[in-house]
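*Asks:* This structure is in structure tokens; I'll ask about it shortly.
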Amino acid sequence: MPRVLFGEISLVQRAGSSSLATSYGAGAAMREHVVVRLDSDDGVAGVGEASPLKHFTGESIGIIRTALGEDLLPAVRGLDPLDIVAAHQRMDAALPANSSAKAAVDMALYDLAARIQGLPVHKLLGGAVRTRVPITRPLGILSIEEVVRQALLYAGAGHRTLKLKVGVDADSDVARVRAVREAVGPDVAIRIDANQGYDLSTAMRVVESLRDVRIEYFEQLLPAGQLRGLARLRSLGARVAVDESLHSPADALRLVEAEAADVFVIKLIKTGGLWPALQIAAIAAAAGVGCTVVSPYDMQFGAAHGLHLAASLPNLAGACELTVFASQAQMATTCHRVVDGCIELGAGPGCGVDAITELADLDLARASAPVAHLA
């Protein structure tokens, strides 16, 4: 029976594919990523990723690295890689919160377990119900001219769903959304995301102002804890998606009880990995709530695990924001391909990504042990 023997942490700094301005502020020009590699005692390796998003989880790159090295990697040492539930129990006992760091370990365990068996990750999640996942492209808070230019570029490349960031000034937000709708026509889905930027009265005004624009859904217009306000927006006929409001299965239950959401936005760095994400998705399915999977700034390792999750969910609600494959496909050795605005799920083992260019030594096809023994 294979056991987790080694753990290795790698840090990567990569220029962002775009600077995505949101209600939180301007996007970062450079992004930092933590890659976790777990090796079994029979020489097979699995990889996971944590790309910090401090506004969501409170974790910086330093916090993630410390949590992994001091607590989380030692917690899973000696486990059978298939013992995912036990791994989460051990990690939770060792350290509360730190969902991004835990997500990296969770992904690496799934990748390792799947590679040992010669299977793709989605087989461990219940199997794929689709082999193509449509991609949405995000548009930051820009001038009308620039946002229209980018929208036409993405639509021309085959993307049938766009997500516009809003939440700073309601009047200019509405004007930009209307301009994009006029530019791309009726056949491209548009969703908007305020990242908690509005109060209730402003959010209600935005919903009413865009009633004739055919918005696919309104994502996190209000602060995370305002579940009654989100339910009020739904009563106006708005289809409401929640992101910052949703981190855990307990959050999912509260949102369902409050009738506050039509769509759950699942990010592995928020949920703590694939295992908690499956619980959230099951709660959503039971309540008639859809799900979309987002890997906001992940490299291919994190985005690929999100892809496998999206492929396995029966209640997927439209396109997913797995943008890295569309914008940085040349940076990885992967079996997944972007075709006509969708990611085609490859048949390779594990997460389907064997290496990224910045980490050429992380070629999972080779069986040699890593140089660091952190656990």
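The values are calculated or read from the model by the stated rules, or taken from the named source; none is laboratory data. Just so you know, these numbers come straight off a predicted model, no measurement behind them. Quick reminder, even Gly has a Cβ in these numbers, built from the backbone with ideal geometry, and neighbours come from all protein chains shown. Side chains are part of the model used for accessible areas, which takes the heavy atoms of the whole protein and leaves out ligands, DNA and RNA. Shrake-Rupley method; radii C 1.70, N 1.55, O 1.52, S 1.80 Å.
*Asks:* Let me have the relative contact order for the chain, percent, based on Cα pairs under 8 Å that are six or more residues apart.
*Replies:* RCO, the chain: 20 percent.
*Asks:* Accessible area of region 260-357 with a 1.4 Å probe: how many percent of it is carbon plus sulfur?
*Replies:* Details: 1330 of 2430 Å².
On region 260-357, the fraction of accessible area on carbon and sulfur atoms equals 55 percent.
*Asks:* If you count, for each residue, the other Cβ atoms within 10 Å and average over each peptide, how do 298-310, 133-145 line up from highest to lowest? It would help to have the intermediate numbers written out before the result.
*Replies:* Working: 298-310: 29.8, 133-145: 19.8.
Packing proxy ranking, top to bottom: 298-310, 133-145.
*Asks:* Counting only Cα, what are the radius of gyration and maximum Cα-Cα distance Dmax of the chain, in Å?
*Replies:* That works out to 20.0, 61 Å for Rg and Dmax.
*Asks:* In whole percent, what relative contact order does region 1-149 give with Cα contacts below 8 Å and a gap of six or more residues?
*Replies:* On the way: 242 pairs, mean separation 38.1, N = 149.
Rounded, it is 26 percent for region 1-149.
*Asks:* Over region 229-375, what is the percentage of antiparallel beta bridges among all DSSP beta bridges, to the nearest 5? Show your work: numbers first, answer last.
*Replies:* Numbers: 6 of 14 bridges.
Antiparallel bridges make up about 45 percent of those DSSP assigns within region 229-375.
*Asks:* How would VAL148, VAL177 line up by accessible area, probe 1.4 Å, largest first? Mind dumping the intermediate values first?
*Replies:* Numbers: VAL148 30, VAL177 0 Å².
Descending order: VAL148, VAL177.
*Asks:* Can you give me the accessible area per residue for region 223-375, using a 1.4 Å probe, in Å²?
*Replies:* Values: 5280 Å² over 153 residues.
On a per-residue basis, region 223-375 sits at 34 Å².
*Asks:* To continue, here is another question. Relative contact order of region 324-365: what whole-number percent is it, with Cα pairs under 8 angstrom and at least 6 residues apart?
*Replies:* Values: 47 pairs, mean separation 14.1, N = 42.
Worked out over region 324-365, it gives 34 percent.
*Asks:* What's the carbon and sulfur percent of region 103-209's accessible surface, probe 1.4 angstrom, rounded to a whole number? Could the numbers behind the result be given before it?
*Replies:* On the way: 2070 of 3970 Å².
Roughly 52 percent, rounded to a whole number.
*Asks:* Determine, for the chain, the count of lysine pairs separated by eight or more sequence positions (or lying on different chains) whose alpha-carbon distance falls under 23 Å.
*Replies:* 14
*Asks:* Helix by helix through the chain, keep the DSSP H runs that span 24 Å or more along the axis on Cα and average at least -1.0 on Kyte-Doolittle, and give those back in order.
*Replies:* Details: long enough: 99-117 (27 Å, 0.38).
Span-like helices here: 99-117.
*Asks:* Tell me, what is the per residue accessible area of region 107-182 in Å², probe radius 1.4 Å? Walk me through the intermediate numbers first.
*Replies:* Values: 2970 Å² over 76 residues.
Accessible area per residue, region 107-182: 39 Å².
*Asks:* Rounded to the nearest Å, what's the spacing between the alpha carbon centres of region 93-110 and region 150-177? Just the number, please.
*Replies:* 34
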